[in-house]
1. Could you identify which residue out of Glu160, Glu227, Glu128 has the top mean-square fluctuation in a GNM of the chain using Cα springs shorter than 10 Å?
2. To check you understand DSSP bridge types, tell me what percent of the beta bridges within the chain (both residues inside) are antiparallel, rounded to 5.
3. Just reorder Thr72, Thr192 by solvent-accessible area, largest first, 1.4 Å probe, all chains present.
4. Report the net charge of residues surrounding Gln236, where surrounding means a beta-carbon distance below 14 angstrom and charges are Lys +1, Arg +1, Asp -1, Glu -1.
5. Order 217-226, 95-104, 40-49, 130-139 from most to least packed using the mean count of other Cβ atoms within 10 Å.
6. Along the charge dipole of the range 1-125, which of Thr5, Leu87, Gly65 sits closest to the positive end, that is, farthest toward it, with unit charges on the beta carbon of Lys, Arg, Asp and Glu (+1, +1, -1, -1)?
7. Please give the calculated 222 nm ellipticity per residue for the chain, where each DSSP H segment of at least 4 residues contributes -39500 (n - 2.57) and the sum is spread over every residue; nearest 500 deg cm²/dmol?
8. Over the range 141-248, what portion of Cα pair distances is larger than 16 Å, expressed as a whole percent?
Amino acid sequence: MLSITNLSYSYGAGSGGPVIQGLSMNVQQGEFISLVGASGCGKSTLLRIIAGLLEPSGGDISFGGRPSTGSTRLGKIGYMPQQDLLLPWRTVLDNCLLAWELKRSGSKEAAVQQILSLLHSLGLAGTENAYPEELSGGMRQRIALARTLSAGSELLLLDEPFGALDALTKRGLHRLLLQLWSSLGRTVLFITHDLEEALLLSDRICLMHGGSMQEIAVPLPRPRHGELIYQPQFMQLREELERRLYESIAH
């Protein structure tokens with residue numbers, strides 16, 4: 001689905017060198033991949049480049065098996081930034097209808113039914129006429145996720161979508177995300193600083209440091225559930241991932 005070759009990006013003169021340098025990766029249809037690394041290592045920048053919001057300094061990106069530019073990818077890839085960015089003057093339903101309004105693909109009635117189904121799947125049935133200010137942080141993040149999913153993109157870029165939530169709310173959203181991912185068959189690139197979150201959700205983890213990337217397979221069977229984090233194999237994997245992360249930072 002996505003192929004990145006020798007990618008580089010710099011914010012310009014005086015920025016302290018390239019944020020991303022010589023980065024290459026391949027993403028297969030239906031994979032769930034987490035990006036992990038210290039703050040400032042280029043994770044969010046990479047997602048913005050893939051989404052078409054930034055143009056790289058060098059390298060090539062193929063999307064859907066074809067060479068692409070940022071302008072050709074823009075609007076075709078689902079992107080959820082760290083903040084929910086819900087429009088306060090629009091209801092939950094109208095926020096989620098934004099993608100349909102831009103694309104006008106299919107009927108509005110079908111789009112509304114799809115959104116209501118997603119809201120129900122995310123435990124948000126009955127909130128469609130509420131405004132963002134009336135909802136908790138966890139509910140707003142679920143709505144932002146529903147809006148991203150409702151765009152219908154095959155590739156989803158999720159930038160720390162649960163980073164600001166409490167542990168209990170986060171675990172519930174892990175379960176919902178795994179259920180939706182398995183049923184919808186989407187491909188996901190997911191940024192997180194939570195190593196347990198990365199292991200629980202991912203097929204592969206990409207450890208970023210110094211603008212490059214190291215891939216780590218996650219050999220855990222699916223379907224997965226929250227209790228997995230207490231099992232010996234999971235704890236061993238977490239320890240190994242933490243060791244590699246600290247080694248990458250130290251060097």
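1. Per the Cα network of the chain with a 10 Å cutoff, Glu227 tops the list.
2. Looking only at bridges with both residues in the chain, the antiparallel portion is about 55 percent.
3. Thr72, Thr192
4. With Lys, Arg at +1 and Asp, Glu at -1, the net is -1.
5. Packing proxy ranking, top to bottom: 40-49, 95-104, 130-139, 217-226.
6. Comparing the listed Cα positions along the dipole, Gly65 ranks first.
7. Counting only the DSSP helices, I get -11500 deg cm²/dmol.
8. Looking at the range 141-248, the distances longer than 16 Å represent 60 percent of pairs.
The values are calculated or read from the model by the stated rules, or taken from the named source; none is laboratory data. All values reported here derive from a predicted model rather than from experimental measurement. Because the Cβ atoms are built from the backbone with ideal geometry, glycine has one as well, and the counts that use them run over all protein chains shown. The protein model used for the area step is the full one, side chains on, heavy atoms only, and it has no ligands, DNA or RNA in it. Shrake-Rupley method; radii C 1.70, N 1.55, O 1.52, S 1.80 Å.
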